[in-house]
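Below is one structure, written out as structure tokens, with a few remarks after it.
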Amino acid sequence: MRINFFATRRQVMGGKTIDVPVTPGMTVQGLVGALVERYPGLRPHLYAPDGTLYPHVHFFINGRDAQYLDNGFDTPLKLEDTINIFPPVGGG
């Protein structure tokens, strides 16, 4: 599965796109765990010290923010899904 990173996440990952193997039935939460296991330097950018996922980090699955999908981070992924990970965005 191809995962795209934006802004400061590209610096952390060393590029804008990576490929990650996905197992059948893997959920968005499972993908997050697999990413942190494979790229430990990503952990402080995704998780608060108490182990919860930062709410300001957005995982988009096929253009939809995972937190708003019917099953949220428990949504199963398909190999053809497009994953985009965005850091916090501010402005006005």
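Readers should treat all values here as calculations from the given coordinates under stated rules, not as data from a laboratory. Here the structure is a predicted model, which is why all the values come from computation and not from measurement. Positions of Cβ are generated from backbone atoms using ideal geometry, with glycine treated the same way; all protein chains shown enter the neighbour counts.
Some observations on this one:
- The chain: translational diffusion in µm²/s, Stokes-Einstein, Kirkwood Rh over Cα pairs, 25 °C, 0.890 mPa s: 183 µm²/s
- Length gained on full extension, Lys78 to His56, computed as 0.36 nm times the residue gap minus the Cα-Cα distance: 5.5 nm.
- Sites matching trypsin sites (Lys or Arg not before Pro) across region 7-86 that sit in DSSP coil, with at most 12 neighbouring C-beta atoms within 10 Å: Lys16, Lys78
- Backbone phi angles across region 16-23, fed through the Karplus curve with coefficients 6.51, -1.76 and 1.60 (θ = phi - 60°), yield HN-Hα couplings of 8, 9, 10, 10, 10, x, 10, 8 Hz in residue order; Gly and Pro are listed as x.
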